[in-house]
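Worksheet for the structure shown next.
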Amino acid sequence: MTKETAGILPAHMIEALFDTGAVTADRPRDDDQIQPASLDLRLGKIGWRVRASFLPGPGKSVASKLDRLKLHEVDLTSGVVLETGCVYIVPLLEELNLPGDVAATTNPKSSTGRLDVFTRVITDEGREFDTVPPGYRGLLFAEISPKTFPVLVRTGSRLSQIRFRRGHPLVTDEELQSVDAASELIPGGNARIGGGLQLSIDLAGAGDDRLVGYRAKRHTGVIDMDVKAAHDPLDFWEPIHRRGAAELILDPNEFYILVSREAVHVPPDFAAEMVPFDPLVGEFRVHYAGFFDPGFGHSAIGGTGSRAVLEVRSHDVPFILDHGQTVGRLVYERMAERPHTLYGEGIGSNYQGQTLKLSKHFRSED
């Protein structure tokens, strides 16, 4: 790879990382494991419940921390239920031997975030979660903590994704203005740019019943992370309908699925990521799963009108949201090259053209 390929690595460059041994695994890749600008990471064979979350820090391995903090081992080969309120560490099948000019970041997959499963990736000697330094060589570990629903996982389950980058491809606000002028980041115009593309909340209510979102129920059954359309949404979610003013009070320690007022467009030569916690707009966290692939919301492949579904949790105090209130920012990065296949373009993408939508694990209410 050359200096001319600075940016987020697309699928065909991720395949090249496998070909050169920069990414390895002890079992073959899944057919759909590589996305247009990211790679799904798979859980390994065993894991451990631990006393507390941790970072290894300089000169220390994850294994050395586990020796002090692990409570018991869990076997993922035949499936295991991860309980709410517990923290687990699971080695991933994928290992890295990155070139010195390639770094990476990780994030929960969209379907993981929409279930309130808090998932972060740790490296040996790591000082930050979800951050892989340039030239990293070694294992990757997933920290998993289900917050609302117990979940069933097994070896090969894909809860996290990794995005590889060379250099610093972040698009400045000035550059983003030019991208918007050429490609309309918000179909129909009216993009608000400041620290990225600003998004607001839709609390007007959709349909005759004026549905605005969902609040997660407590003390539910188990959700199998690998099975689609298997669960009745009303067993796990309380629909929220607008009654009166277009506003919603977020209760502390409750988990909500809401949706942006704006449709979002990620042009083919770019990728985007939601800023998960922004104290400038309120004491709440939005969007665990922050990766938006090239082509999300792209009209040429049926994505016109794709909203950003927001996983929302208030911090410590009740917080009131009003319709149209700014709730997050989407930052854009340049691709090193345009992907050969875009999000939603015949690759089984679950959320192209979405409005308010639960994760793929639930049957459609229609």
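The values are calculated or read from the model by the stated rules, or taken from the named source; none is laboratory data. If you're wondering where the values come from, they're calculated on a predicted model, not measured in any experiment. Using ideal geometry, Cβ is built from the backbone for each residue, glycine included, and neighbour counts are taken over all protein chains shown. Heads up: the accessible areas ignore ligands, DNA and RNA and are worked out on the full protein's heavy atoms, side chains in. Shrake-Rupley method; radii C 1.70, N 1.55, O 1.52, S 1.80 Å.
Quick notes on this structure:
- Of all the residues in region 19-53, those that are surrounded by 16 or more Cβ atoms within 10 Å (Cβ to Cβ) and free of Cβ contacts under 8 Å to residues at least 24 places away in the same chain number 2.
- Of all the listed residues (ARG165, ARG210, ARG154), the sole one being within 23 Å of the chain's Cα centre (by Cα) and farther than 15 Å from GLU273 by Cβ is ARG154.
- Among the criteria (1) modelled with pLDDT under 95; (2) hydroxyl-bearing (Ser, Thr, Tyr); (3) open to solvent by 70 Å² or more (accessible area, probe 1.4 Å), the one SER178 does not fulfil is (1).
- Complete set of residues in region 211-268 that are over 29 Å from LEU41 (Cα atoms), buried (at least 20 other Cβ atoms within 10 Å of the Cβ) and out of contact with any Ser or Thr (no Cβ under 7 Å at 6 or more places or on another chain): VAL212, GLY213, LEU248
- Identity of the residue in region 152-173, in a strand (DSSP E or B) and of a type outside the set (Lys, Arg), that ends up nearest to GLY100 (Cα to Cα): PHE164
- Any hit, region 70-79, residues being surrounded by 17 or more Cβ atoms within 10 Å (Cβ to Cβ) and within 23 Å of the chain's Cα centre (by Cα): yes
- Verdict on SER200 being of a type in the set (Ser, Thr, Tyr) and either surrounded by 17 or more Cβ atoms within 10 Å (Cβ to Cβ) or touching a residue at least 60 places away in the same chain (Cβ under 8 Å) (or both): yes
- Some residue of region 87-100 being touching a residue at least 60 places away in the same chain (Cβ under 8 Å) and out of contact with any strand residue (DSSP E or B) (no Cβ under 9 Å at 6 or more places or on another chain): no
- Just one of the listed residues (LEU250, LEU258, LEU234) is among the hydrophobic types (A, V, I, L, M, F, W, C) and out of contact with any strand residue (DSSP E or B) (no Cβ under 8 Å at 6 or more places or on another chain), and it is LEU234.
- Residue list for region 99-129, filter: of a type in the set (A, V, I, L, M, F, W, C), open to solvent by 10 Å² or more (accessible area, probe 1.4 Å) and more than 12 Å from the chain's Cα centre (by Cα): ALA103, PHE129
- Checking every residue in region 195-212 against the condition of being among the small types (Gly, Ala, Ser), over 28 Å from ARG261 (Cα atoms) and not in a loop (DSSP other than H, G, I, E, B) gives zero matches.
- Within region 324-331, one or more residues are in a strand (DSSP E or B), open to solvent by 20 Å² or more (accessible area, probe 1.4 Å) and either β-branched (Val, Ile, Thr) or modelled with pLDDT of 90 or more (or both).
- Those residues of region 273-282 which are at pLDDT 65 or above and either in contact with a Pro (Cβ under 9 Å, 6 or more places away or on another chain) or open to solvent by 10 Å² or more (accessible area, probe 1.4 Å) (or both), in sequence order: GLU273, VAL275, PRO276
- Count of region 54-86 residues, restricted to those that are of a type in the set (Lys, Arg) and in contact (Cβ under 8 Å) with a residue 12 or more places away in the chain, is 2.
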